Each structure stands twice: as C-alpha cells, then as structure tokens.
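First up is the structure itself, then whatever we jot down about it.
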Amino acid sequence: MKKARFISAVFAVLALTLGQAALAQQASGNGSTDVVQKVGHGEINWSAKKITATGSGAANLKDGPVAVARLNAERAAKLDALRNILESLKGVQIDGKRNAGDLMSNGQISTRVQGIAKGFKVVDTRYYSDGSVDVVVELPLDEQLVSALDVEVSGKKKKGGTASHTGLVVNAKGLGVSPSLAPRIVDEKGKEIFGASVVTAEGLKDGGIANYASDPEKAKDASLVGATPLVVKALALDKGSKTDIVISNADAEKLRDPSLDTAFLADGKVVIVVD
C-alpha cells in the first residue's frame, strides 16, 4: 500500500513538472527552440523579433460601478505594460559595446523610442473576479525601432557571378554569444565580413540585420536563408565582445569570392545559432 502511494506521488510530481515545463514553453512564444531573453518584467524573443511584457491594474471600487472600475484597471494595466516594455527594451543589446538603455540616455532617442513603444499591440487581456486586469503586450523589433535607436545600415547590394548560396547560417553554439540588433561577423584577423554596414535599408525592412535560432536545423528555414544556405562554424567571440563572432579565414574567403553572388548578405539573410 505504501509502495502504491509512493508511486502515485512520484507520478503526481512528474505530471506537475511536465505541466510547468509546458507552460514555460508556451509562455516563450513559439516553443523552446526560440532564443528568449528575460529582462525585468518582460522578455525579448530574438527569434520572433519581438518584446513581450505584462501589465497589471488593480480595480478601485470607489471609482463607481464595477464596469467603470474595471475600465480604469485596464487603463492602469496598459500604463504598467508600457513601463515594463520600456524596461525590457533598455536591455536590448545593440552591438558589442552598447545596449538600448545606453542610447536612450539621449533625450531625443528616448522620446522617439517611447513614441514607438506606445504603439504596442495588446495580445491578451485577463479579467479577474476582483475587477483587476492583466494585459499582455508585444512590440516588434522592426526597422522602425532599429532606426529610432540610431542603428544605421549602409550596405549596397552587390551581385557577383554564380548564385550558389541563398543565405548564411553560422553555428556559434557553446561560445556564449549574446544576441544583439547589429552583430558583426569577422575573420581571424578581425576584418569585418558582415554587419550593419553590409545590410541595405531594404534588407533591414524585410527581416532585420540578422536572425537567431537555437536549433541548427531550424536555422536553415528557407524563409530566413533561402533553399541553399552556406553553413559555417564560428571559431570564437571577437576580442572584447559578447555579440560579435569570428569565423575561419577559409570561410571568410568564400563570402568574399567575387565570382559568387553574395547579395544575401545585403538582404540580412543571416542566422546565428546560439545556446
């Protein structure tokens, strides 16, 4: 009898653990393969390129009828969500040296970013019996926000000869790479191969400067890197940086080969695989 109760208890704990894991996976947005960074009261989903935050508003029945109190609670929840999404946004890494919080110390940049943040999208509203309200909101990490943060792209689309590759996948697992809006890829001598200076304005608008994935196979998604991407292995992080990565000189030469069409770099069709 004791053994049966013990086994039942083990299964109960296991079921609870699996349930919590499923909820955590669901909360991450698109499943456990997304690259998600928790910041403050929100999270940055680098794979889906969005920031998600939750805001809460308490009901004050002194405001009048329950319907009025709930409406005021919803307004308060949205203001709280805005504060939380801005807090999370400040944690967005721009490049190897700066994050959005550093840039938002500039009054003009801060005003622009706050204006964009106010346009967040409400994706879920939860009403509670006591009249309180929670709202879940999203803000895309799109070209409008990137431009507001003074990240400039200056690339020009160049076409070579044979279009042998449609994108680039860099496997940087195990290196401790920190995702950023404008990562750089350099060769073993530190010479830049890819970065904001390579991507065109059109490429930024279509998909951003680079994408992130945690699964090497899903990184080859044709919607991100086309049907025949070049896959390379990162050697290390660039000196003094947690965002920029080094690839071998041999792989770098493939990307510099003038006989190949490397227009995909200007289009930002680059996926970096991280832990």
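Which of the residues spanning the range 217-232 are surrounded by fewer than 15 Cβ atoms within 10 Å (Cβ to Cβ) and part of a helix (DSSP H, G or I)?
A222, S223
Take the range 22-45 and flag every residue that is modelled with pLDDT under 85 and polar (S, T, N, Q).
Correct list: Q25, Q26, S28, N30, S32, T33.
Per-residue answers, yes or no, for (1) within 26 Å of R75 (Cα to Cα); (2) of a type in the set (S, T, Y); (3) open to solvent by less than 30 Å² (accessible area, probe 1.4 Å):
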site	(1), (2), (3)
G96	no, no, yes
M104	yes, no, yes
S110	yes, yes, yes
V122	yes, no, no
V135	yes, no, yes
L139	yes, no, yes
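Would you check which residues across the range 148-160 are more than 23 Å from E43 (Cβ to Cβ) and crowded, with 16+ Cβ neighbours inside 10 Å and list them?
Residues satisfying the conditions are V153, G155.
Tally the residues that are in a strand (DSSP E or B) and surrounded by 15 or more Cβ atoms within 10 Å (Cβ to Cβ), restricting the search to the range 31-66.
Counting residues in the range 31-66 that are in a strand (DSSP E or B) and surrounded by 15 or more Cβ atoms within 10 Å (Cβ to Cβ) gives 15.
Scan the range 245-262 residue by residue and report those that are open to solvent by less than 10 Å² (accessible area, probe 1.4 Å) and not in a strand (DSSP E or B).
Of everything in the range 245-262, just one residue is open to solvent by less than 10 Å² (accessible area, probe 1.4 Å) and not in a strand (DSSP E or B), namely A252.
Confirm whether S180 is of a type in the set (S, T, N, Q) and either farther than 23 Å from G96 by Cβ or open to solvent by 20 Å² or more (accessible area, probe 1.4 Å) (or both).
no
Among the residues of the range 223-240, is any closer than 27 Å to G101 by Cβ, in contact with a helix residue (DSSP H, G or I) (Cβ under 6 Å, 6 or more places away or on another chain) and touching a residue at least 12 places away in the same chain (Cβ under 8 Å)?
Scanning the range 223-240, I find no residue that is closer than 27 Å to G101 by Cβ, in contact with a helix residue (DSSP H, G or I) (Cβ under 6 Å, 6 or more places away or on another chain) and touching a residue at least 12 places away in the same chain (Cβ under 8 Å), so the answer is no.
Just checking, how many residues over the range 178-218 are among the hydrophobic types (A, V, I, L, M, F, W, C) and in contact with a strand residue (DSSP E or B) (Cβ under 6 Å, 6 or more places away or on another chain)?
Looking only at that region, the number is 6.
So A81 fits all but one of (1) open to solvent by 70 Å² or more (accessible area, probe 1.4 Å); (2) under 18 Å from G115 (Cβ atoms); (3) of a type outside the set (D, E, K, R); what number is the exception?
With respect to (1) open to solvent by 70 Å² or more (accessible area, probe 1.4 Å); (2) under 18 Å from G115 (Cβ atoms); (3) of a type outside the set (D, E, K, R), A81 is out only on (1).
I need the full set of residues from the range 89-131 which are in contact with a strand residue (DSSP E or B) (Cβ under 9 Å, 6 or more places away or on another chain) and β-branched (V, I, T), in order please.
Answer for the range 89-131, where residues must be in contact with a strand residue (DSSP E or B) (Cβ under 9 Å, 6 or more places away or on another chain) and β-branched (V, I, T): V92, I116, V122, V123, T125.
Got at least one residue in the range 139-162 being at pLDDT 95 or above, over 23 Å from N84 (Cβ atoms) and of a type in the set (S, T, N, Q)?
No, there is no match, as no residue in the range 139-162 is at pLDDT 95 or above, over 23 Å from N84 (Cβ atoms) and of a type in the set (S, T, N, Q).
The values are calculated or read from the model by the stated rules, or taken from the named source; none is laboratory data. The structure presented is a predicted model; accordingly, all values stated were derived computationally and were not measured. Glycine gets a Cβ as well: all are built from the backbone with ideal geometry, and neighbour counts include every protein chain shown. Quick note on the areas: whole protein, heavy atoms, side chains included, nothing else; ligands and nucleic acids left out. Shrake-Rupley method; radii C 1.70, N 1.55, O 1.52, S 1.80 Å.
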